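I have placed the structure first, in the form of structure tokens, so that the comments after it can refer back to it.
The values are calculated or read from the model by the stated rules, or taken from the named source; none is laboratory data. Since this is a predicted model, take the numbers as computed values, not measurements. Positions of Cβ are generated from backbone atoms using ideal geometry, with glycine treated the same way; all protein chains shown enter the neighbour counts. Accessible surface areas use protein heavy atoms only, side chains included; no ligands, DNA or RNA. Shrake-Rupley method; radii C 1.70, N 1.55, O 1.52, S 1.80 Å.
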Amino acid sequence: MSSQGVGLLDRVKHFFDFEARRREKYQEWDRLAENGDEEARYRLLMLYREESEEFYPLAFKWTVAVANVGEDCGVTLQAAEMYEAGHGAPKNEEKALLWYERTLSLHIMQGHSSPLSLDAANYVQGRIQALRLKLGKQNL
């Protein structure tokens, strides 16, 4: 086969290698996010809800990055859940508790403009109570 034919065959194989193409897309988004692209950051943190466990570390990286600088209750809630479950990072219930508490605080401060539903806020309160009890911090 000519070198031209090999190049075409490689391009065809790459075209149909959807996993490799997806990884390349996420690497590009990661590069854009590192350079301050907010849309890329949000796309990457949404990988937690949309992709397999393989992409949890990348989703975790951007969930915590966005949660640390923003006031989005949904993102802080995702950070709490990821820490509690050990998705994308080692399981850490202390950090999960802090993120749940931050989520509830943001929700209360935002009042009617909070994106959290009443059910979500009740869920957060329940997780706070359960983790405080489990960690021996119920009197706080």
Residue count for the range 85-130, restricted to those that are in contact with a Phe, Trp or Tyr (Cβ under 7 Å, 6 or more places away or on another chain) and aliphatic (A, V, I, L, M): 4
Per-region count, the range 110-125, residues modelled with pLDDT of 95 or more and open to solvent by 30 Å² or more (accessible area, probe 1.4 Å): 4
Subset of the range 52-77 [free of Cβ contacts under 8 Å to residues at least 12 places away in the same chain, more than 11 Å from TRP99 (Cα to Cα) and part of a helix (DSSP H, G or I)]: GLU54, VAL69
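Residue-by-condition table, conditions (1) in a helix (DSSP H, G or I); (2) surrounded by fewer than 20 Cβ atoms within 10 Å (Cβ to Cβ); (3) hydrophobic (A, V, I, L, M, F, W, C):
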site	(1), (2), (3)
ARG41	yes, no, no
ALA79	yes, no, yes
ALA89	no, yes, yes
THR103	yes, no, no
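Okay, residues lined up against (1) without any contact (Cβ under 8 Å) to a residue 12 or more places away in the chain; (2) of a type in the set (Gly, Ala, Ser); (3) out of contact with any Leu (no Cβ under 7 Å at 6 or more places or on another chain):
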{"residue": "LYS95", "(1), (2), (3)": "no, no, yes"}
{"residue": "HIS107", "(1), (2), (3)": "no, no, no"}
{"residue": "GLY111", "(1), (2), (3)": "yes, yes, yes"}
{"residue": "TYR123", "(1), (2), (3)": "yes, no, yes"}
